[in-house]
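Worksheet for the structure shown next.
Nothing in this text is a laboratory measurement; each read-out follows from the coordinates by a stated rule. The structure presented is a predicted model; accordingly, all values stated were derived computationally and were not measured. All Cβ positions, glycine included, derive from the backbone under ideal geometry; neighbour counts span all protein chains shown.
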Amino acid sequence: MIRGRAWKYGDNVNTDVLFPGKYTYTAKGRDEIASHALEDLDPAFASSVRDGDVIVGGRNFGCGSSREQAATCLVYNGVGAVIAESFARIFYRNAINNGLLAIVCPEAAQAIQQQEMVSVDLERMVIECESGCFRFPALSETVQEILEAGGLIEQVRRRLASID
Amino acid sequence: MNNLDSSQNSAGQTNTSGVEAMTFAQKALARAGGCDRVDVGEVVDVRPDLVLSHDNTAAIREIWLQFGQERVAVPEKLAITLDHAVPAPTTRHAQNHAEIREFVQEQGICHFFEVGRGICHQVLSEEALVLPGQVILGADSHTPHFGWLGAFGAGVGRSEVAALWATGELWLRVPESVLIILEGELPKGVTAKDFALRIIGDLGADGGLYASIEFSGSGIEAMSVDSRMALANMMAEFGAKSSYIRPDDRTRAYLDAALERRMGRSDAAGRLGSSSLRAASTQLFPDDGAAYSATYRYDADELEPTVSCPHTVDNVAPLSAVAGTVVQQAFIGTCTNGRIEDIAEAAEVVRGRQLAAGTRLLVIPASSLVLQESMELGYIQALVAAGAVIGTPGCGPCMGNHMGVPATGEVTISSANRNFRGRMGTADAEIYLANPAVVAASAVAGRIADPRDLV
């Protein structure tokens, strides 16, 4: 169960505002990457976010670059899940591959209010917020496998080990 | 634009041999996945023909090292370019490049392109490293670029490229396909970039989300290779997974010339066979009756110069609606519009003129070949004479690393692909996107301008 405050943003939240391009080839280590999260969108975010908090977006969340720090900067800040009306495909893959739950649920994404408490129950596939309870569709088998392994790297390590 | 009744197209038809028709994406992923056919929505483990990375290669190496391997699985399938921040603007960037060169040396990577050779998508096209029908996965969001030659190109993340280095394969979901038809010839002053911006403006930055975008029609057939590249490349801003333009004689002639340049005529003809022959053996075409989730039809003569306004690519307006907006910086370059055709158009506009006082024009050819050809044809001389600055082939200031970062409050008009807030390194700056001739005309006028009004 994930439970935290909601950080709500609009449609087309792009990778440049999630993690500016000027840092992508030099930022190293969790702390440095975490410190630039949402720098050009919400400068208060990185210093105020708490473990388990949830990001809420509109349509096409994470559009733009393939830079993986757009997802890992959220993971390194303890973000528990991202809920959106839809995701850009590379961001979605990057999130899942780094064990960050990315949930497509337009009803919840619209209903959740800024800074309210939100809980995500992956087993029951339900998001709860003040205005109600929203069911989200099951994750694909492939995505579930990656999340269960704890991310793509661990999944590939296991696969390589089973071949050896 | 007409949105044809998509329900008519929603179900794939059965061809004479009783097999359900397939789109290009289905065929390409079936082949790369070693299957006879795949269906939309199916997840396939594909083995791409080429795996692209660039300045992010050192970071990918760090991830790959977690697999405990000493050698990457298939080194000849890796293509690595230094392009995103070149020449290195800071010590940290230089260190990053040094780590990449070390990796290239240690793994014996043959397809490595140094600082100044150019932008990955342009260079791999010029080197004919991707052929029609092949699959290329890249740690770069503009990998749909390779749709220009009828290849399946998709962007993936760094961890996924590390996994590809380790295993040679990666899962992909077979996408729905959207068909976009362009009939007729583009009017003078209207380019493939304007068409791309129009599509994105009409249907939204997520209008092609997760989809393979197939283009067809006489307007596409009439397009130069450079224009096809601009169109396929821009589909990244439409949310697309990949794009596809049917390979034709123009495609094959380009690839022939590219292979000759790389291998030398005798080698190319002898050892490898001509690119045309190889392309003919790998190329894939969608079946008649293949299923499209939507079909859109455009008439070329209804299109006009189009500008994307701050801060999203789908915030488009006709050029006439934004003409007059004062700009401090104009930038021509990038994987979208830094090719010889683009530089020729810009040179044509500025020849014999001077940039407006208070406006600077930065021109960055997409590759060393484009730079050479631009010099041979006198374009660089015309641009410099007008007051332009020429940069090292590469991505330049597109993503805010260096070489043209705007000051707070400044307005840039750019031939690039993204105008997101902060994209060029400064949060409180505005970016307009347009075709290269409009960018050049704006640099001359000091405000957004139609080149047809200057001439």
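Other residues lying with their Cβ under 14 Å from the Cβ of B:Phe238 contribute a combined charge of 0, Lys and Arg counting +1, Asp and Glu -1. Scoring B:341-353, B:113-125, B:376-388 by mean Cβ neighbours within 10 Å over their residues and listing the highest first yields B:113-125, B:341-353, B:376-388. If R0 equals 30 Å, the separation of the Cβ atoms of A:Asp51 and B:Leu65 corresponds to a calculated FRET efficiency of about 0.60. Extension gain for B:Glu183 to B:Cys110 (0.36 nm times residue separation, less C-alpha to C-alpha distance): 22.1 nm. Each distinct pair of alpha carbons in region A:2-138 adds a 1/r term; the inverse of their mean, the Kirkwood radius, is 14.5 Å.
Computed as a quarter of the hull surface, the mean projected area of the alpha carbon convex hull for region A:1-50 stands at 4.3 nm². 3J(HN,Hα) couplings calculated from phi for region B:43-55 with the Karplus curve 6.51 cos²θ - 1.76 cosθ + 1.60 (θ = phi - 60°) are, in sequence order, 9, 10, 7, 9, 10, x, 7, 8, 10, 9, 8, 9, 4 Hz; Gly and Pro show x.
For chain A, adding -39500 (n - 2.57) for each run of n ≥ 4 DSSP H residues and dividing by the number of residues yields -9000 deg cm²/dmol at 222 nm.
With N as its number of residues, region B:308-454 has a Cα radius of gyration that, divided by 2.2 N^0.38 Å, comes to 0.93. With both labels modelled 7 Å from their Cα along Cα-to-Cβ, the A:Ala44 to A:Val126 distance reads 3.2 nm. If R0 is 25 Å, the Cβ-Cβ spacing of B:Phe285 and B:Arg261 corresponds to a FRET efficiency of close to 0.40.
Region A:93-164 and region A:48-67 have their alpha-carbon centroids 13 Å apart.
When chain B is described by a simple charge dipole with +1 on each Lys and Arg Cβ and -1 on each Asp and Glu Cβ, the residue from B:Leu29, B:Ala366, B:Asn419 located farthest towards its positive end is B:Ala366. A compact globular protein would have a Cα radius of gyration near 2.2 N^0.38 Å; the ratio found for region B:18-109 is 1.46. Rounded to the nearest 500, the helix-only mean residue ellipticity at 222 nm of chain B stands at -9500 deg cm²/dmol, with each DSSP H run of n ≥ 4 adding -39,500 (n - 2.57).
Put simply, when B:250-261, B:149-160, B:422-433 are sorted by average Cβ atoms within 10 angstrom per residue, most first, you get B:149-160, B:422-433, B:250-261.
Each label was represented as a point 7 Å from its Cα along the Cα-to-Cβ direction; for A:Glu148 and B:Val326 these points are 6.2 nm apart. Quick one: check the C-alpha center-to-center distance for region B:82-129 versus region B:422-455, whole angstrom. When both Cα centres are located, 30 Å separates them. Taking the alpha carbon gyration tensor of the protein assembly as shown, multiplying each eigenvalue by 5 and rooting it gives semi-axes of 34, 29, 26 Å, largest first. Each of B:His311, B:Gln354, A:Trp7 was scored by the projection of its Cα onto the charge dipole of the protein assembly as shown, and the greatest displacement toward the positive side belongs to B:Gln354; charges sit on the C-beta of Lys, Arg, Asp and Glu.
Averaged over peptide A:150-160, the number of partner chain Cβ atoms lying within 10 Å of each residue's Cβ comes to 4.
A Förster radius of 41 Å, combined with the Cβ-Cβ distance separating B:Ala317 from A:Arg158, puts the computed FRET efficiency at roughly 0.20.
In a simple Cβ point-charge model (Lys, Arg +1; Asp, Glu -1; nothing else charged), chain B has a dipole of about 880 debye relative to its Cα centre. Residues whose amide H comes within less than 5 Å of that of A:Ile83, counting only those at least five positions distant or on another chain, are A:Ile55, A:Val56, A:Gly57, A:Ile103 (H built at 1.01 Å from N in the peptide plane). With θ taken as phi - 60° and the Karplus curve 6.51 cos²θ - 1.76 cosθ + 1.60 applied, the whole-hertz 3J(HN,Hα) list for region B:248-257 is 9, 4, 4, 4, 5, 5, 4, 5, 4, 5 Hz, x standing for glycine and proline. Computed from label points 7 Å out along Cα-Cβ, the spacing between B:Asp39 and B:Asp428 is 5.6 nm. Once each part is reduced to its C-alpha centroid, what is the distance from region B:289-360 to region B:186-247 in angstrom? Region B:289-360 and region B:186-247 have Cα centres spaced 13 Å from each other. Its Cα centre serving as origin, the protein assembly as shown has a Cβ charge dipole (Lys and Arg +1, Asp and Glu -1) of approximately 1040 debye. Remark: mean inter-chain Cβ contacts per residue of B:399-410 equal 2, using a 10 Å Cβ-Cβ cutoff to other protein chain atoms. Peptide B:204-210 has a mean of 5 when you count, residue by residue, the C-beta atoms of other protein chains within 10 Å of its C-beta. Projecting the Cα atoms of B:Gly404, B:Phe152, B:Ala253 onto the dipole axis of chain B, where Lys and Arg carry +1 and Asp and Glu carry -1 at the beta carbon, places B:Gly404 farthest toward the positive end. Sparse packing (at most 16 other Cβ atoms within 10 Å of the Cβ) combined with a DSSP loop state is found for the following trypsin sites (Lys or Arg not before Pro) in region B:177-206: B:Lys188. Note on chain B: Cα-Cα pairs beyond 42 Å make up 12% of the total pair count. Candidate cross-link partners of B:Lys27 among the lysines, defined by an alpha-carbon separation under 29 Å and a same-chain spacing of 8 or more, comprise B:Lys77, B:Lys193, B:Lys241. By the Cα gyration tensor, region B:137-247 has an equivalent ellipsoid whose semi-axes, rounded to whole angstrom, run 27, 14, 12 from largest to smallest. About its Cα centre, the dipole of chain A is roughly 320 debye, where the only charges are +1 on Lys and Arg Cβ and -1 on Asp and Glu Cβ.
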